[in-house]
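Engineer: Sharing a structure, written as structure tokens. Questions coming.
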Amino acid sequence: MTDRTPRIIASILMAMIAAATAAGAVASKVDGLLGQWGGDRLVLTMNQSGGVLRSDCADGRITGPVTPDGKGGFKANGRFDLLRPGAQIVDEGPGDGVADTSRFNADITGEQMHLTIMTPGAPPRHFTLTKGKAVKLVRCL
């Protein structure tokens, strides 16, 4: 052992503590996303593997685990399909969406989420959701 060994060990331990603290902060932000968010005729249910969206005339999914940014919001990819009234024909697919080409951007302040859904060829859709809020949907008639 040299004179520098204790300082090197201390530096390594400090780096490990900082990494563990950062990992804990990210895990806490992920836990804050989990569950149901509702409002604006849309329900988003977040889970460990992404999320599921339901609205009056659309369905969607956020694919892959979501990693929150420093403020707790996120950017993720997935699918958002617009439905139409009446029966959906199996061969036509679920709607107008394209597989996993939608983009979901969420800004979160407290219990409020401002969600923007962007799909190719359509204007962005904006929703304001509240954590734990139940919403009654009237499916596309």
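Engineer: Specify the residue that is nearest to Lys131 (Cα to Cα); the eligible residues are those in the stretch 44-72 that are in contact (Cβ under 8 Å) with a residue 40 or more places away in the chain and not in a strand (DSSP E or B).
Structural biologist: Gly72
Listed here are the residues, each with its yes/no results for (1) open to solvent by 50 Å² or more (accessible area, probe 1.4 Å); (2) under 20 Å from Ser102 (Cα atoms); (3) at pLDDT 70 or above; (4) of a type in the set (Gly, Ala, Ser).
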position: Ile8; (1), (2), (3), (4): yes, no, yes, no
position: Ala18; (1), (2), (3), (4): yes, no, no, yes
position: Ala22; (1), (2), (3), (4): yes, no, no, yes
position: Val30; (1), (2), (3), (4): no, no, no, no
position: Val52; (1), (2), (3), (4): yes, yes, yes, no
position: Ile62; (1), (2), (3), (4): no, yes, yes, no
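Engineer: Of the conditions (1) surrounded by 16 or more Cβ atoms within 10 Å (Cβ to Cβ); (2) of a type in the set (Lys, Arg); (3) at positive phi, Arg41 fails just one. Which one is it?
Structural biologist: (1)
Engineer: Exactly one condition in (1) at pLDDT below 90; (2) crowded, with 17+ Cβ neighbours inside 10 Å is false for Val26; which is it?
Structural biologist: Condition (2) is where Val26 drops out.
Engineer: If a residue must be within 10 Å of the chain's Cα centre (by Cα) and over 15 Å from Leu33 (Cα atoms), how many such residues does the stretch 62-81 contain?
Structural biologist: Residues in the stretch 62-81 being within 10 Å of the chain's Cα centre (by Cα) and over 15 Å from Leu33 (Cα atoms): 2 in total.
Engineer: Sticking with this one: I'm trying to understand the selection: among the residues of the stretch 64-83, which are open to solvent by less than 40 Å² (accessible area, probe 1.4 Å) and β-branched (Val, Ile, Thr)?
Structural biologist: Val66
The values are calculated or read from the model by the stated rules, or taken from the named source; none is laboratory data. In this text the structure is predicted, and so the values were computed from the model without any measurement. Every residue, glycine among them, receives a Cβ derived from its backbone with ideal geometry; neighbour counts consider all protein chains shown. The area values use the complete protein model at the heavy-atom level, side chains included, leaving out ligands, DNA and RNA. Shrake-Rupley method; radii C 1.70, N 1.55, O 1.52, S 1.80 Å.
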